[in-house]
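Working notes for the structure below.
Just so you know, all these numbers are worked out from the coordinates, no wet-lab data involved. Keep in mind that this is a model prediction, so the values were computed, not measured. Don't worry about glycine lacking a Cβ; one is built from the backbone with ideal geometry, like all the others, and counts go over all protein chains shown.
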Amino acid sequence: MTRPNPVTGTVLDSIIDGVIQDMDARKADTPLARMQQLAAEASPARDAHAALLGGRDNPVGVNIIAEVKRSSPSAGPLAQIDSPAELAAQYEAGGAAVISVLTEQRRFNGSLQDFDAVRARVDIPLLRKDFTVDEYQIYEARAHDADLVLLIVAALDDAQLRDYLALTHELGMNALVETHTVEEIERAAAVDSKIVGINVRNLKTLEVDTSHYGTLADQLPDNVVRVAESGVKAASDVAMYASQGADAVLVGEALVKHGEPKQAIVDFRQASRS
Ligand SMILES: O=C(O)c1ccccc1NCC(=O)[C@H](O)[C@H](O)COP(=O)(O)O
């Protein structure tokens with residue numbers, strides 16, 4: 001299995017370096033063959049594609065992917081989340097279509113324990129949000145009852161992107177294929193990605209530019225579920241992404257810092273109705 005070269009100096013590279021070390025420790029505890037068996041025994045994945053489809057025309061507003069995010073490389077600690085399950089229950093009650101749970105430990109203070117706690121509490125599709133660079137993480141996600149995994153195009157070569165997307169689909173899950181440039185959108189389209197995100201955060205520099213979604217959205221293939229990722233500070237940002245054709249908007253920081261996350265999701269969706 002080829003892995004991206006972690007020693008090229010960007011933030012993304014250094015995150016991936018740590019992700020690989022942590023994964024190798026988990027592999028020592030639960031080898032690939034055992035993880036594959038656990039994945040095969042998991043209950044069938046929920047249909048995240050159906051949950052996110054058609055957000056553009058949804059009379060109750062754009063679909064929200066609500067994120068459980070404790071910390072970030074760009075902002076440091078974001079919120080004291082005593083119960084990720086309770087936060088997720090608020091998200092579900094507010095009408096979130098999908099919940100994203102960060103499981104990367106070193107920079108986001110996430111964990112698979114957080115993921116399991118959320119899984120035990122809510123029944124909507126869950127995104128295991130991590131930096132996928134090895135098939136092991138895809139089996140692991142399924143073994144933990146994930147419905148969706150993240151494939152960041154910038155972190156993968158073409159063969160990995162194709163193979164990991166195929167494996168994700170074989171296991172009955174969907175992938176959020178994340179892009180940031182026209183070239184990455186073309187690479188996502190070339191492997192027939194079904195759900196494509198444009199992250200307005202540049203993962204190499206951490207710069208956030210909310211106008212970036214609108215700049216690139218026309219390059220997305222017509223038949224994909226379109227996701228605008230990052231940078232939401234207020235309902236007006238969600239409305240802007242929706243007006244630019246997003247089916248779904250992924251929101252982290254603004255929700256974990258909001259005192260009333262359930263109401264925030266209701267307000268975000270309402271603001272996006274045209
Ligand atoms: O959030 C970061 O600082 C970050 C840094 C490096 C790689 C990824 C990063 N975040 C992942 C995400 O893109 C966001 O968690 C997600 O889109 C939500 O963003 P936001 O609403 O701006 O918290």
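Taking strands (runs of 3 or more DSSP E) as the structural unit, those lying wholly within the stretch 76-172 and holding at least 1 residues that are in contact with a helix residue (DSSP H, G or I) (Cβ under 9 Å, 6 or more places away or on another chain) and under 16 Å from SER43 (Cα atoms) correspond to 126-129, 148-152.
Criterion applied to ARG46, ARG70, ARG107, ARG34 was being surrounded by fewer than 21 Cβ atoms within 10 Å (Cβ to Cβ), more than 14 Å from the ligand (Cβ to nearest atom), of a type outside the set (A, V, I, L, M, F, W, C) and touching a residue at least 24 places away in the same chain (Cβ under 8 Å), and the one residue passing it is ARG46. Annotation note: of GLY231, GLY252, the sole residue that is buried (at least 24 other Cβ atoms within 10 Å of the Cβ) and touching a residue at least 24 places away in the same chain (Cβ under 8 Å) is GLY252.
In this structure, does ILE65 turn out to be part of a helix (DSSP H, G or I), under 18 Å from ARG128 (Cβ atoms) and not charged (D, E, K, R)? Please lay out each step first, then the result.
Numbers: part of a helix (DSSP H, G or I): no; under 18 Å from ARG128 (Cβ atoms): yes; not charged (D, E, K, R): yes.
Spelling it out, it is not the case that ILE65 is part of a helix (DSSP H, G or I), under 18 Å from ARG128 (Cβ atoms) and not charged (D, E, K, R).
Condition check ((1) out of contact with any Phe, Trp or Tyr (no Cβ under 9 Å at 6 or more places or on another chain); (2) away from the ligand (no atom under 16 Å from the Cβ)) across all residues:
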position: THR210; (1), (2): no, no
position: LEU216; (1), (2): yes, no
position: PRO221; (1), (2): yes, yes
position: LYS233; (1), (2): yes, no
position: SER236; (1), (2): yes, no
position: TYR241; (1), (2): no, no
position: VAL256; (1), (2): yes, no
position: ARG269; (1), (2): yes, no
position: SER272; (1), (2): no, no
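Mind listing whichever residues of the stretch 34-73 are within 22 Å of GLN105 (Cα to Cα) and either touching a Pro at 6+ places or on another chain (Cβ under 6 Å) or of a type in the set (S, T, N, Q) (or both)? Once the filter is applied, which keeps residues that are within 22 Å of GLN105 (Cα to Cα) and either touching a Pro at 6+ places or on another chain (Cβ under 6 Å) or of a type in the set (S, T, N, Q) (or both), the stretch 34-73 yields VAL68, SER71, SER72.
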